[in-house]
Amino acid sequence: MFSGYIISVAIFVGIWVTLALSLNILTGYAGQVSLGHAAFFGIGAYTSAILSLKYGLPFWVDFLGAIVVTGLIGMVLGLPSLRVRHDFLVLATMGINFVVVAIFKYVDFFGGAMGLINIPAPSILGYSFRGGIPYLLLVWAFATFTWLVSWYVSKTWVGLAFHTVRIDEDAAAAVGVSVPRFKIYAFAISSALAGGAGCLYGHFIGSLFPDTFVFVESIVVLSMVIFGGVGTLRGPILGAIILKAAPELLRFVQDYRFTIYGALLVLMMLFQPMGLIGDDSFLWRSLTRLFSLPGRGGSRGGGVEEVGS
Amino acid sequence: MPFMQNLSNAVVLAGTYILMAAGLTMVYGVLKVLHIAHAAVYTIGAFIGLLVFTWAGNFWLALAVAMLVSGIVGVLIYRGTYHYMLDAPRTVPLIASIGMFVMLTDLLQKDFLMGPYQKALPAGGAGLPRIQTSWFSLTPKQVLILVVTAALLAVVYLIMTRTRIGLGWQAAAMDRDMAAAVGVNLNRVIAFNFFLGSALAGAAGVLVGVYNNSVFATMGDLPSYKAFIIIVLGGMGSLPGTIIASLLLALVENLMVASVGYVLPRDAIAFLVLILMLMFRPHGLLGQE
Amino acid sequence: MNRLLEVQRVSKRFGGLQALHEVSLQTEREILGLIGPNGAGKTTLFNVISGFLPPTSGRVHYDGQPIHGHRPHQIVEMGIARTFQIVRPFGDLTVMENVLSGHGLSYYPSWRAFAERFRAPGSESAAFDILEMTDLAAWAKAKASSLPIGLQRRLEIARALATGPQMLLLDEPAAGLTTQEGEELAALIRKLYEQDISLIVIEHNMAFAMGLCQRIVVLAQGQIIAEGTPAEVQSNPAVIGAYLGSEA
């Protein structure tokens, strides 16, 4: 049914908005470029699926379990970031993504290559729903929650510490920021939220396959963040909406989805590396001028205040 | 399987790794960019090699043309993207590289190019003989890989050490700004670098395509991941390190598969090695920082 | 609780290079100058004291506690802050945010980092006080990277001050400053001393160091070759030799 399809698209968009916002905390705020976010997405999805499928636990337990477990694992998988930076970190996170997917594929407990099927639909107070408006609300409530977490982090000392780590680790240490600790915080928060998104994904689709979480999917999420405007609260949302909704709604684009993703990334880096509505972007500066918002692009202002707005 | 045979198999495997990784490390040496799009050049090389071989029936011609085209594609990638990002923060060329990789790989899968299925590249051993000694034996295809790899490496070595452009590269790898200050034409050095590195990758693609008698659009993914592992192991930007690391990785993979019934696939082992390396010896076995 | 910094026979080796050799010094409640020709090891010594480098041998004590081998953020927590020879401001952040980042020291180690807004009135007014003291108040909302280098140096000092240190290590704070700016800087440093902050100042500019510091330590090729008041050091032949021998 037509509107059913639109609702499904909106559900997917909501899940990917959550993924993009959560990655933004790690990459945009704390500066840890990660090409392994899909792994956390998958860990959350598989955790909640197993909790509900093999242990019969109710949805809320699965959901919280996915968040907590993924957050804890995220702290461990974030350890390489303490030793390496930049390019090396990119490689390490790629590798982590690969190993995690390999575990899903080859370890029977996770269903192996056949994946997991018949994941129960969430039910609250006896009412069971797998799609439609209720699920849409659920997904977007969590997306909103993720946004609130991002906003909150950007306003508190944690957020400021994250930015210092991103800009200059040594200078951050010189003002008393324990760089390792804050990197782990960033991984914990970002992966926990991604895990929640994974749970929502798994219970919506009803089945999970390892290849959904391969490295390329990490690239997709990263491109949403970069495309929209890395480090801002608004950028990842727009990036996720455009890059997720467009292929779903436009047949032609669907076939060439990755070609367009790739081309967009390249074009973005050539012309607007700060993202479509990033702080210094053409669009954002035009918008703020047009509406006389207090936003200050460029060298006269900016900083965390802008980034957090 | 007896050790010497294992060893010789590993050397052959390493040959393809070296060609792939050498290009990558050369690019990193000067640009300090993880050239993730390198995978696409490898695949393009295999594809062109297939086309030429199908049309002309001659392996050596196919190899030469593939290398040439790959080299040109490499330079075009550089001129179209990285060239404008030399002074940008490191994430910018990295993301652009990822974008190029995704775009090219997707395009290659379209029907008008390589299509979604694999194709055969039946060039056999290109007329080379089988080698049989008491310790190990090499099939003609294996001999082919060894011969081509050795020849190309020798050429690269000569270029790097005996020509002006090679020396310019070494200078630029040490310090880009200084090199420019003493008159090294950075643009030319980098472009040539890309040409050479990409040509090597193209050669690797053709060789692997011939060896496995199979060419397909995503064939570059795994070799390029491994190439990254190798350049980290060998020290980013170090050619000798790359050669040693390639041999090591090939050896470990062969031994793992041969002796241990694997829980995880062989490729995942490579990644575990990567993560461990990054944790404990991020500057590689031979690299300096 | 004393505020004695004791460097005891600290040596630092980088592969074949001996950057520091058995350096010992003590300082407490003074403006100490650390001078010497380029490559003498002055910044290396700062890096060891402030935790950016572990000593190859030797010890560093502060307040009676060993601090050698500790991480930089721990050393800041103990009350020793530093600036860098080449300024490292948080360029993307505003001047105010840079100073606030130092103020955050009170929050970073605990859960309060998650609970408090960094733009709270208390923190902002404390940061503003520091901006006023360092004459940067007018630039509070400017992006740090847009400041001229002289102001960036002051910002770096302001940021270090925001951590509430008892001891401040300044690495060539006067480099590249005009005479006028240098005098203003010296006045600031004296003001800090009057506010009970001990200082160690690395300086290449002899006149600046001599005019400002109460005591001078001279480092050359990783070793201390002279110590004393500015007058004593200035007339010390070994010191003159070290400077003439390397470069002006």
Within the range A:72-87, can one find any residue that is surrounded by fewer than 23 Cβ atoms within 10 Å (Cβ to Cβ), of a type outside the set (Val, Ile, Thr) and away from chain B (no Cβ under 14 Å)?
-> yes
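Filter the range A:211-224 down to the residues that are in a helix (DSSP H, G or I) and either away from chain B (no Cβ under 12 Å) or within 19 Å of A:GLN254 (Cβ to Cβ) (or both) and list them by number.
A:ASP211, A:THR212, A:PHE213, A:VAL216, A:GLU217, A:ILE219, A:VAL220, A:VAL221, A:SER223, A:MET224
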Matching entry among C:ALA120, C:ALA138 (being closer than 24 Å to C:ILE189 by Cβ and more than 23 Å from the chain's Cα centre (by Cα)) = C:ALA138
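So which helices (runs of 4 or more DSSP H) stay within the range B:129-196 end to end and still have 1 or more residues that are in contact with a helix residue (DSSP H, G or I) (Cβ under 6 Å, 6 or more places away or on another chain), modelled with pLDDT of 85 or more and of a type in the set (Ser, Thr, Tyr)?
Hits in the range B:129-196: B:140-162.
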Out of all the residues in the range B:18-48, which are touching a Ser or Thr at 6+ places or on another chain (Cβ under 7 Å) and among the aromatic types (Phe, Trp, Tyr)?
-> B:TYR42
Out of curiosity, is C:THR179 at pLDDT below 95, more than 30 Å from C:VAL48 (Cα to Cα) and of a type in the set (S, T, N, Q)?
-> yes
Tabulated pairs, the range A:262-279, first facing chain B (nearest Cβ under 8 Å) and closer than 18 Å to A:ASN24 by Cα, second β-branched (Val, Ile, Thr) and not in a loop (DSSP other than H, G, I, E, B), C-beta under 7 angstrom, 6+ apart or interchain = A:LEU265/A:ILE226; A:LEU265/B:ILE95; A:LEU265/B:ILE98; A:MET268/A:ILE226; A:MET269/B:VAL92; A:MET269/B:ILE95; A:PRO273/B:VAL92
Hey, any hits in the range B:33-48 for a residue that's surrounded by 22 or more Cβ atoms within 10 Å (Cβ to Cβ), within 14 Å of chain A (Cβ to nearest Cβ), more than 30 Å from B:PRO240 (Cβ to Cβ) and not hydrophobic (A, V, I, L, M, F, W, C)?
-> no
Test A:ALA113 against the stated conditions and say whether it is touching a helix residue (DSSP H, G or I) at 6+ places or on another chain (Cβ under 8 Å), farther than 16 Å from A:PHE187 by Cα and facing another protein chain (nearest Cβ under 10 Å).
-> no
Of all residues in the range C:146-163 being buried (at least 24 other Cβ atoms within 10 Å of the Cβ) and among the small types (Gly, Ala, Ser), the one that is nearest to C:THR134 (Cα to Cα) | C:ALA158
So, of the residues in the range A:163-207 that are in a loop (DSSP other than H, G, I, E, B) and at negative phi, which turns out to be farthest from the other protein chains (Cβ to nearest Cβ)?
-> A:SER207
Filtering the range C:61-82 down to residues that are surrounded by fewer than 24 Cβ atoms within 10 Å (Cβ to Cβ), within 11 Å of chain A (Cβ to nearest Cβ) and touching a residue at least 60 places away in the same chain (Cβ under 8 Å) yields C:GLY79
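Okay, residues lined up against (1) β-branched (Val, Ile, Thr); (2) under 27 Å from C:ILE67 (Cα atoms); (3) outside any loop (DSSP other than H, G, I, E, B):
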| site | (1), (2), (3) |
| --- | --- |
| C:SER125 | no, no, yes |
| C:GLY176 | no, no, no |
| C:ILE189 | yes, yes, yes |
| C:ASP196 | no, yes, no |
| C:VAL218 | yes, yes, yes |
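The values are calculated or read from the model by the stated rules, or taken from the named source; none is laboratory data. Please read these numbers as outputs of a predicted model, since none were measured by experiment. Backbone-built Cβ (ideal geometry, glycine too); neighbour counts: all protein chains shown.
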